[in-house]
Amino acid sequence: SAERFQRVEAIAESLGGATADIIGTSEIMNRLRSLITKYGAAGHTNVLVRGESGTGKELVARAVHDSSVRASKPFVTLNCAAIPEAMLESELFGHEKGAFTGAVAKKRGKFALADGGTLFLDEIGDLALPAQAKLLRALQEGEIQAVGAEQAIHVDVRVVSATHKDLLKEIQAGRFREDLYYRLAVVEIDVPPLRERGDDVALIAHALMRRSCTAMGKRLDGFTEAALSALSRHAWPGNVRELRN
C-alpha cells in the first residue's frame, strides 16, 4: 500500500547516507546495505559488483563511493562495452594533441578525472584483452600514461567494477586475465535479482510511480490489488530496469 511505502521511505531517510536510494526491506537487501557500508569504509580497496543486467549495479557502486572517505571527490563512470576497442586506451588514460589521427586537442582520461575519487568500470567483462593488460599495469603501478605522452603521472583512484558475466568462467575460456581479476575483486558484492526480493517489488514500483508522477505533474494514489498481484507473479528477467520501463 502507499502507506507501507511511506513507512519504508521514512526508514530509508532515517538511515540516511549512501544507501538511502537502495529501496527494500528484504533480508537480502539489508545484507547488501551492510556490505556497502563495510566495504565503502575501506576506501582504497577495489570492489567487484556482480549481478544480472538491470539489478542496479551502478547504484551500488555509487553508494560504495558515497560511503567512503572519497565521497567528496569525483565518481567517474566508463561503460567498457560501449567504447570501441581502439578508443579504450584513450578513454581510460587520455591522449596528447596529435597522438593519433583525429586527436586535435589534449584529452584527460577517466583515471585522471577520477583522481582522489572512484572510477566505476561498468561491464568490465567486456574489456578487450589488450586493454585489460594496460588496466592491470595502471593498477599495479598507480601510474597512467596518456597516449602520446612521454611521462607517466601518479593517480590515486579506487576502482569499482561491475559485470553480469561469470569472470571465473571467462578466465577459464581465456577471455579475462586472472591477475587482473584478483586486482579488481579484492572484495565482491553480489546484487540480488528482483525475483529474490519478495515484497520489495511493490515498494520499488511505488517509488518509481511517484517519481513518474512528479516528473509528469500527475497524481496517482497507488496500484490496484490486481496490478500488485501481477507484479508479484512476474519473474522480472530484466530486473529493476524492466520494472522501471
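Quick notes
- Which listed residue is part of a loop (DSSP other than H, G, I, E, B) and small (G, A, S), from A105, A131: A105
- Of all residues making up the range 23-64, the number that are within 18 Å of L184 (Cα to Cα), in contact (Cβ under 8 Å) with a residue 60 or more places away in the chain and of a type in the set (A, V, I, L, M): 9
- The condition of being without any contact (Cβ under 8 Å) to a residue 60 or more places away in the chain and either over 18 Å from the mean Cα position of the chain (by Cα) or not in a helix (DSSP H, G or I) (or both) holds for only one of V201, V159, that being V201.
- Of all residues in the range 76-122 being at pLDDT 85 or above and among the β-branched types (V, I, T), the one that is nearest to A133 (Cα to Cα): I83
- Condition met for E170 (in contact (Cβ under 8 Å) with a residue 24 or more places away in the chain and either over 19 Å from the mean Cα position of the chain (by Cα) or open to solvent by 90 Å² or more (accessible area, probe 1.4 Å) (or both)): yes
- Within the range 233-245, being open to solvent by 90 Å² or more (accessible area, probe 1.4 Å) and either out of contact with any Gly (no Cβ under 8 Å at 6 or more places or on another chain) or in a loop (DSSP other than H, G, I, E, B) (or both) holds for R233, P237, R244, N245.
- The listed residue being part of a loop (DSSP other than H, G, I, E, B) and either open to solvent by 10 Å² or more (accessible area, probe 1.4 Å) or out of contact with any Pro (no Cβ under 7 Å at 6 or more places or on another chain) (or both), out of V60, V69, V76: V69
- Screening the candidates R197, R175 for the property of being farther than 25 Å from T37 by Cβ and of a type in the set (K, R) yields one hit, R175.
The values are calculated or read from the model by the stated rules, or taken from the named source; none is laboratory data. This is a predicted model, so every value here is computed, not measured. Using ideal geometry, Cβ is built from the backbone for each residue, glycine included, and neighbour counts are taken over all protein chains shown. Side chains are part of the model used for accessible areas, which takes the heavy atoms of the whole protein and leaves out ligands, DNA and RNA. Shrake-Rupley method; radii C 1.70, N 1.55, O 1.52, S 1.80 Å.
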